[in-house]
Amino acid sequence: MKYDTLLSPLTLGRHRLRNRVVNSAHGEQWAAGGLLTDHHLAYYTRRAQGGAGMLITFGSAPVRPSASTANTVSLWDSRNEPRLTELATKVHAAGAIILAQASHRGPRERPAELDAVLQAPSPPTGADKLGYLGVPYVLSPEDIAGIVEDYARVAARLERVGYDGMQVTALGTHLIEQFWSPALNRREDRYGGSFANRMRFAEEVLTAVDAATGPDFLISFRLSSDPQTDLLGLGPDDMLTIAQHLDGLGMIDFFDVSGGSGANIETHTGVVPTDTFPVAPYSRLVRRMKEHLGVPVMMAGRILHPDHGEQALSNGTCDLVAMTRAMIADPDVVAKTEAGATGTIRPCIAINEGCRRVTLGRSLACSVNPEVAERDMAAPARIEAPRRLTVVGAGPAGLEAARVAAGRGFEVTVLERGDRIGGQMIDYCAMMQAPHLFDHIEWLARELDRLGVEVQLGTEVTSETLSRLDDDILFATGAETVLPPDIRGQSARYLTDVDILRGADTRRAASIVVYDAEGRQRGAMTAARLAEENRVPVTFVFPNDAPCEHLEPPNRSAIFRRLAAAEVAILPHHSLTTGDSGGLAFRDSWSDRRVAPEADLTVFAGYRQPVHLPGQGVRIGDCRAPRLLRNAVSEATRAALQM
């Protein structure tokens, strides 16, 4: 595909963007007490150096102290000015323009301020699903005026430190969207009731920002094309009407449009769509907005490859594309596209395992690109003298270690006992019913071929094999899925989740129990699959308080829907034990009562043990300790850099 539109320039106000690719606002959770860090500067500068036309920094950066969280950049804090200036200077030097997203999340905030109170347009009712941590303080007209002034002060600061603009956001049911919502805003003063009144807060914010800044300062507005729920009383037609109304004010330079809302866990998934969504899921609605608005429109949401961006731009869906997760995985997406080397782009597989850690209050990471979380992995030094490295195992950890080591100048050989590369990713892709997740393995294979790494399949490695080698050794032999130790070898009534994936016959079971010791998606996916395929009662048992408790919240909703649709019975906070007769049982964590569900088949998920081979060498990934893809890739990179 040619990328003539994607790589073409665009004029916004008095600024000329070198291309149509945007790194949109997203949470990082790196701020130290609200202050910018070296990590922020390195991360955003790297994306500008990789070719992005525009960067919108930070995610929901607060405009006032009472709306601040500990790890989010505080735009209200003057102590950030020197770092903001430095970041703007670096981004400009790399050829991009830079904006910052500013917001007040209202009662969706998790304030860090001591004795802070949540703030909302109206008191909550039983219909509200925003996950309030308590009863919020209802903003007075004077409070609203103060927040408006805060937005203006932040805008003036951003212009003063060299930023090219500011983005005001309502997306995710932030405070502005709450004022729009007839369900959440039940005020009876000039800020509630009629459409004009519910728009007033947004209008005042935009007017204040415009008045506080000069003609060169860009104002962007981010909103949802479809909140995907009736909890807000706002649908796609309402959002289009709102966008047209705001456009008519003549202050907005471009709109940033995606979908979803912050109303509940399911609609919040739509804000950063997981791999259960199609590519560019909001295309139709974004195109409709573009047709009715007088300024450029940017589309965000699962635009993971230059092909997706070019198609959306060339068919008239939008004027700009946010390729944020694609640039988290590979900051050189644009540079590689310009060079005609799209096949070398490290693909984003959109599992939201690292980038959506922020929803758990943890810092930004990436499953396939460890330098996002650890800056010292970004520039591997070449070795001074030739060395040989043998990597045992061709799963994600082994392949990544081989790639990094070969890039440093090692002569690398990978030994794999199986007949294909990929390790546990083969089973994982089958479990998730998502073959595209293997894109990462295929990219690694291409990179190893480019770097001249020899991969020997069907090679059984023994201590004798290794003793003949005069190489550095890295063990990446992974882990195997097993039954719990206490019931090994007892009966064919016990299987693992991998046994199910590999075709174990479960047709004779009239009832099934799935026990999940891990708390992520393996057990839940297995329970849903068995209920769907066997159409028999399935009980899902786990020691946590809720299914998939350790899974990132945006990844839970699709699994919860499947469990509910398949009518899987849920039995939380029960741990594996033995019954009075020595058989299998589950113990309630709170009552100590033992339950022995009658089941023809019990399937265990989450029991994995490292595969150890004898020999001296560094052990990485699951053969050290079974964890996540992100851990395997990061540990492999680190080991290859330290050799």
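The values are calculated or read from the model by the stated rules, or taken from the named source; none is laboratory data. What you see is a predicted model, and the numbers here were worked out from it, not measured in a lab. Note: ideal-geometry Cβ built from the backbone for every residue, glycine included; neighbour counts use all protein chains shown. Surface areas here come from the heavy atoms of the whole protein model, side chains and all, with no ligands, DNA or RNA. Shrake-Rupley method; radii C 1.70, N 1.55, O 1.52, S 1.80 Å.
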13 Å reach of a label modelled at A32, 7 Å along Cα-to-Cβ, counting backbone N of segment 41-76: 41
C-alpha long axis of helix 81-93 to longest principal axis of the chain, angle in °: 80
Segment 381-387 - phi-based ³J(HN,Hα) in whole Hz, Karplus 6.51/-1.76/1.60, Gly and Pro as x: 7, 6, 6, 7, 10, x, 9
Cut-off under 5 Å, modelled amide H: who pairs with G354 long-range: S367
Highest-first arrangement of 269-279, 443-453, 337-347, where packing means the average Cβ count within 10 Å: 269-279, 443-453, 337-347
Accessible heavy-atom area order of R502, R387, R520, highest first, probe of 1.4 Å: R502, R387, R520
Residue order for M432, M298 - accessible surface, 1.4 angstrom probe, largest first: M432, M298
Mean separation of Cα contacts under 8 Å (6+ apart) over length of the chain, as relative contact order %: 11
Cut-off under 5 Å, modelled amide H: who pairs with V595 long-range: F586, R587, D588
Neighbour net charge for L415 - beta-carbon separation under 10 angstrom, K R +1, D E -1: -2
Separation between Cα centres of segment 64-103 and segment 363-399, rounded to whole Å: 30
Loop GluC sites (Glu not before Pro), segment 184-250, which have at most 12 other Cβ atoms in a 10 Å radius of their Cβ (DSSP): E188
Average Cα contact separation per residue, segment 370-426, under 8 Å, 6 or more apart, as relative contact order %: 37
Summed residue charge, Cβ within 12 Å of T481's Cβ, Lys/Arg positive, Asp/Glu negative: -3
Under Karplus coefficients 6.51, -1.76 and 1.60, residue-wise ³J(HN,Hα) of segment 266-280 in Hz, glycine/proline x: 6, 6, 5, 4, x, 5, 10, x, 7, 6, 7, 8, x, 4, 6
Distance in nm between pseudo-label sites at R627 and T207 (7 Å out along the Cβ direction from Cα): 5.3
With DNA, RNA and ligands ignored, accessible area of D38 (1.4 Å probe; Å², nearest 10): 80
Candidate values [x] 1.19; [y] 0.93; [z] 1.03, label of the one derived for Cα Rg over 2.2 N^0.38 Å: [z]
Sum of -39500 (n - 2.57) over DSSP H runs of 4+, divided by residues of the chain (222 nm, nearest 500): -9000 deg cm²/dmol
Degrees, to the nearest 10: 439-451 long Cα axis against longest axis of the chain: 80
Accessible area, probe 1.4 Å, largest first, for residues R594, R187: R594, R187
Cα long-axis angle, helix 629-642 against the chain (0 to 90 degrees, to the nearest 10): 80
E149 versus L457: modelled label distance in nm, points set 7 Å from Cα along the beta carbon direction: 6.9
Residues of segment 44-101: accessible area per residue with a 1.4 Å probe, Å²: 28
Gyration tensor (alpha-carbon) shape descriptor, segment 531-643, a/c threshold 1.5: prolate
Whole-Hz ³J(HN,Hα) from phi, Karplus 6.51 cos²θ - 1.76 cosθ + 1.60, for segment 602-611, glycine and proline x: 10, 10, 10, 10, x, 9, 9, 10, x, 9
Protection proxy ranking, peptides 22-29, 1-8, average beta carbon neighbours within 10 Å, highest first: 22-29, 1-8
Sequence-distant residues sharing a close amide H with F604 (under 5 Å, placed H): L495, T496, D497, Y515
